[in-house]
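Only one structure is covered here, and it is reproduced in the block below.
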Amino acid sequence: MDMGVDTGIFSDAFHLSTVREADRVLDLFERGLRRFGASHILLTGLPLPRRSVTKLILRIVWPDVRNGGHVIDVATGDPLLGWCLGARRPFVVRGGRIEPVATPVKPPAPPKGALASELIAAAGGPAADLIAVPIHDLHPYQGCVLIAGKDLPISPAALAGLEFYCLIAFRGLIEAGRLDVARPGDLSERERHVLQLTAIGKTAAEIADLLEISQRTVHAHLQNASDKMNASNKTHTVVEALRYGQIGI
């Protein structure tokens, strides 16, 4: 059944939106994903540079088909998480490769070759179908839903319905207090402000005047932001801060 077209997934989303208890939200959400066809499920936040993903995982049901079904540990550097960080809409992985999905907004070009992802390998490697739903619409939170299974519906309509369902679930988790939008390594409010002004072309002297601080303090905030974003220069810091949802334009 194509739940993106069928009203089932929207009915599930409506029901989920009325639940206020976090564990119940997670249980119902997992149940809905299984009805969608998922045998493997990962719900997680996306970590900031040089930070672990472990404490951001909300639920993982990802048995490793290579070793009898033990649930794997998720590596922070798994390329699927990195792709979720850059993507803004759901995408499909088949045969270990990201497939382009028809959307109104042109997605980034998929990487060439198969992804060296332990998540894909544990779900069955090239035999596994996988759908990733990045969560970037609950700013400043960044997360993703990864599911794998043998008969996942992957039409544009199904993916749109799944994306809506995931967004409702994550919004419910925030409202229930289970999901904190802040992450270890976030920029401070002043670091964000300085970097935001830098992003629109303000010089250190202009920023100092606007914020009524010294240029030395401006440079200190920029250096701190650069360290947190693991960036090599000011421009790179701005780019990474945008990518990780720390600032907006």
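Take the conditions open to solvent by 10 Å² or more (accessible area, probe 1.4 Å), on the phi < 0 side of the Ramachandran plot and not in a helix (DSSP H, G or I) and apply them to Pro134. Does it pass?
No.
For segment 30-59, enumerate the residues that are within 15 Å of Leu167 (Cα to Cα) and β-branched (Val, Ile, Thr).
Thr44
Would you mind telling me which numbered condition in (1) polar (S, T, N, Q); (2) open to solvent by 10 Å² or more (accessible area, probe 1.4 Å); (3) outside any helix (DSSP H, G or I) Thr44 fails?
Only one criterion is unmet by Thr44, namely (2).
Go through (1) within 30 Å of Ser226 (Cβ to Cβ); (2) under 18 Å from the mean Cα position of the chain (by Cα); (3) modelled with pLDDT of 90 or more and name the single condition Ser188 misses.
(2)
Please specify each residue of segment 114-127 satisfying the condition of being hydrophobic (A, V, I, L, M, F, W, C) and either touching a residue at least 40 places away in the same chain (Cβ under 8 Å) or part of a helix (DSSP H, G or I) (or both). So that I can check it myself, show each step before the final result.
We begin by selecting, within segment 114-127, every residue hydrophobic (A, V, I, L, M, F, W, C); these are 114-116, 119-123, 127.
If the condition is that a residue be hydrophobic (A, V, I, L, M, F, W, C) and either touching a residue at least 40 places away in the same chain (Cβ under 8 Å) or part of a helix (DSSP H, G or I) (or both), then Leu119, Ile120, Ala121, Ala122, Ala123, Ala127 are the ones that fit.
Could you please find all residues in segment 127-140 being at pLDDT below 90 and in contact with a strand residue (DSSP E or B) (Cβ under 8 Å, 6 or more places away or on another chain)?
Scanning segment 127-140 gives a single hit, Ala128.
Just to verify a result, which residue in segment 47-71, among those that are outside any loop (DSSP other than H, G, I, E, B) and not hydrophobic (A, V, I, L, M, F, W, C), is farthest from Glu240 (Cα to Cα)? Don't jump to the end; show me each part of the working.
Going residue by residue through segment 47-71, those that are outside any loop (DSSP other than H, G, I, E, B) are 54-61, 63, 71.
Restricting the remaining residues to those that are not hydrophobic (A, V, I, L, M, F, W, C) gives 54-55, 59, 63.
Values: Thr54: 21, Lys55: 22, Arg59: 27, Pro63: 33 Å.
So the residue we want is Pro63.
Starting from residues that are assigned to a loop (DSSP other than H, G, I, E, B) and in contact (Cβ under 8 Å) with a residue 40 or more places away in the chain, keep the ones in segment 77-88 and report whichever is most open to solvent (accessible area, probe 1.4 Å).
First pass over segment 77-88, keeping only residues assigned to a loop (DSSP other than H, G, I, E, B): 77-78, 87-88.
If we keep only those that are in contact (Cβ under 8 Å) with a residue 40 or more places away in the chain as well, we get 78, 87-88.
Details: Asp78: 9, Ala87: 7, Arg88: 104 Å².
Looking at the filtered set, the residue picked out is Arg88.
Can you name the number of the only condition in (1) crowded, with 19+ Cβ neighbours inside 10 Å; (2) closer than 24 Å to Met229 by Cβ that His139 fails?
So the condition that His139 fails would be (1).
Go through segment 215-244 residue by residue and tally those that are small (Gly, Ala, Ser) and touching a helix residue (DSSP H, G or I) at 6+ places or on another chain (Cβ under 6 Å).
Our first condition is that a residue be small (Gly, Ala, Ser); within segment 215-244, this holds for 220, 225-226, 231-232, 241.
From what's left, touching a helix residue (DSSP H, G or I) at 6+ places or on another chain (Cβ under 6 Å): 225-226, 231, 241.
Selection size over segment 215-244: 4.
Thr103 versus (1) among the polar types (S, T, N, Q); (2) open to solvent by less than 20 Å² (accessible area, probe 1.4 Å); (3) at pLDDT below 90: which is the lone unmet condition?
(2)
Among the residues of segment 106-124, which ones are surrounded by 17 or more Cβ atoms within 10 Å (Cβ to Cβ) and at pLDDT 85 or above?
Step one: filter segment 106-124 for residues surrounded by 17 or more Cβ atoms within 10 Å (Cβ to Cβ), giving 110, 115, 117-124.
Passing the criteria: Leu115, Ser117, Glu118, Leu119, Ile120, Ala121, Ala122, Ala123, Gly124.
Hey, could you check segment 63-76 for residues that are over 17 Å from Gly143 (Cα atoms) and among the hydrophobic types (A, V, I, L, M, F, W, C) and say which is least open to solvent (accessible area, probe 1.4 Å)?
That would be Ile72.
Just wondering, is there one or more residues in segment 10-28 that are modelled with pLDDT under 95 and among the acidic types (Asp, Glu)?
Yes.
The values are calculated or read from the model by the stated rules, or taken from the named source; none is laboratory data. Please read all numbers here as calculations on a predicted model, not as lab measurements. Here the Cβ is made from the backbone with ideal geometry for all residues, glycine too, and neighbour counts use every protein chain on show. The area values use the complete protein model at the heavy-atom level, side chains included, leaving out ligands, DNA and RNA. Shrake-Rupley method; radii C 1.70, N 1.55, O 1.52, S 1.80 Å.
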